[in-house]
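What follows is one structure encoded as structure tokens, with my remarks underneath.
The values are calculated or read from the model by the stated rules, or taken from the named source; none is laboratory data. Just so it is clear, the structure is predicted and the values come from calculations on it, not from any experiment. Ideal geometry is used to build each Cβ from the backbone, glycine not excepted, and the neighbour counts take in all protein chains shown. Quick note on the areas: whole protein, heavy atoms, side chains included, nothing else; ligands and nucleic acids left out. Shrake-Rupley method; radii C 1.70, N 1.55, O 1.52, S 1.80 Å.
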Amino acid sequence: MSPITPSEVARTSVVRTVAELRSRLAAHRRTGLTIGLVPTMGALHEGHLSLIRHARARCERVVVSLFVNPAQFNERSDLERYPRRERDDVALAVEAGADVLFAPSVEEVYPPGFATSVEVLGLTDRLEGAARGSEHFRGVATVVTKLLCMAMPDVAYFGQKDAQQVLVIRRLAADLNLPVRIEALPTVREPDGLAMSSRNALLDPDQRVRALALSAALDRVGELATAGERSAEALLAAAHATLSSAGVSPEYVALVEPDTLEPIDRLTGEALLAIAARIGDVRLIDNATLRPTPAAPSSQRLPGETITRCNA
Ligand code: AMP
């Protein structure tokens with residue numbers, strides 16, 4: 001793709017209000033064009049851009065939202081340090097195929113008197129909900145519901161990197177009868193395995209090296225599972241050992257059923273392995289889906305099944 005010119009960026013409107021967004025999309029909707037929405041908090045990287053490119057390939061109009069949502073930050077310092085680079089984001093999003101960038105102010109999203117929140121029960125008690133407190137997913141669920149109501153897309157795209165968030169959003173969309181399809185796309189990684197994240201920019205060089213322990217732990221568990229290990233206790237112990245050998249003590253490492261997030265004792269079907277850890281004061285998460293598949297007959301293989309690790 002040829003480099004984007006400043007005039008192309010200028011032609012792609014950055015809209016700041018819900019009224020402008022609705023009027024930009026009204027004609028598209030009337031003529032039956034498919035609208036895709038990619039919600040982001042900006043500081044765009046290849047993970048976000050993969051969602052935008054995917055939306056571009058499948059939808060006739062692509063809306064990207066850039067909004068650092070204060071309601072989902074449980075720590076003020078995390079919110080204050082969160083990287084903000086709107087000019088770069090606009091150029092990157094346009095180059096990846098965005099037609100409309102929705103970058104509202106906090107007051108536009110939460111005007112004076114705002115008093116409604118969306119809470120998804122059950123799923124949000126675990127993993128990130130347990131570690132970050134109930135306000136995190138309440139903030140996520142509320143802002144995503146609002147963005148879906150504002151843009152009224154046919155499809156909304158999210159990253160499997162935030163696997164629990166995908167489940168929460170699918171749940172709320174179903175429970176509230178929102179006429180939108182929720183699609184989850186695979187985690188995009190740096191060449192050395194680190195899951196891309198806007199927070200990676202906050203890591204110093206030493207922390208950047210230690211951060212690799214998260215994906216290394218996922219890989220190690222995948223290897224053991226492929227070799228036939230089925231005990232959750234043994235698999236989790238291996239993940240802890242990999243993290244600890246890099247000097248990383250996780251907030252949690254969990255092997256759970258991928259739809260309910262209930263912990264599992266044995267790997268008998270598809271499972272989600274999820275990790276959260278602080279590297280210095282930068283909080284990172286990562287996960288992998290472990291998929292046992294029926295084994296092809298082979299004298300080499302352990303009876304019953306093989307495991308494929310995958311990021312999807
Ligand atoms: P964020 O800006 O962190 O709120 O992320 C916006 C969207 O991008 C969410 O749906 C994330 O799950 C997704 N995302 C973030 N990092 C990645 C990644 N490394 N690969 C794929 N999707 C990602």
*Where LEU92 falls short, out of the listed (1) within 24 Å of CYS149 (Cβ to Cβ); (2) of a type in the set (A, V, I, L, M); (3) in contact (Cβ under 8 Å) with a residue 40 or more places away in the chain*: (1)
_I'd like to check something: does segment 182-198 contain any residue that is outside the structural domain of ALA43 (by TED's automatic domain parsing), part of a helix (DSSP H, G or I) and in contact with a helix residue (DSSP H, G or I) (Cβ under 6 Å, 6 or more places away or on another chain)?_
no
*asked:* free of Cβ contacts under 8 Å to residues at least 60 places away in the same chain, in a helix (DSSP H, G or I) and over 23 Å from GLU270 (Cα atoms): is that true of LEU212 in this structure?
replied: yes
*asked:* Taking the conditions exactly as written (surrounded by 14 or more Cβ atoms within 10 Å (Cβ to Cβ) and touching a Lys or Arg at 6+ places or on another chain (Cβ under 8 Å)), does VAL253 satisfy them or not?
replied: no
*Matching residues in segment 177-187 - criterion: being among the aliphatic types (A, V, I, L, M) and either open to solvent by 40 Å² or more (accessible area, probe 1.4 Å) or more than 9 Å from the ligand (Cβ to nearest atom) (or both)*: LEU178, VAL180, ILE182
_Residues being more than 13 Å from the ligand (Cβ to nearest atom) and open to solvent by 10 Å² or more (accessible area, probe 1.4 Å) - total across segment 29-58_ = 9
_Selection from segment 224-264 of residues that are farther than 21 Å from GLY133 by Cβ, part of a loop (DSSP other than H, G, I, E, B) and among the β-branched types (Val, Ile, Thr)_ = VAL248, ILE264
*asked:* Given (1) in contact (Cβ under 8 Å) with a residue 24 or more places away in the chain; (2) open to solvent by 10 Å² or more (accessible area, probe 1.4 Å), identify the lone condition not met by ARG87.
replied: (1)
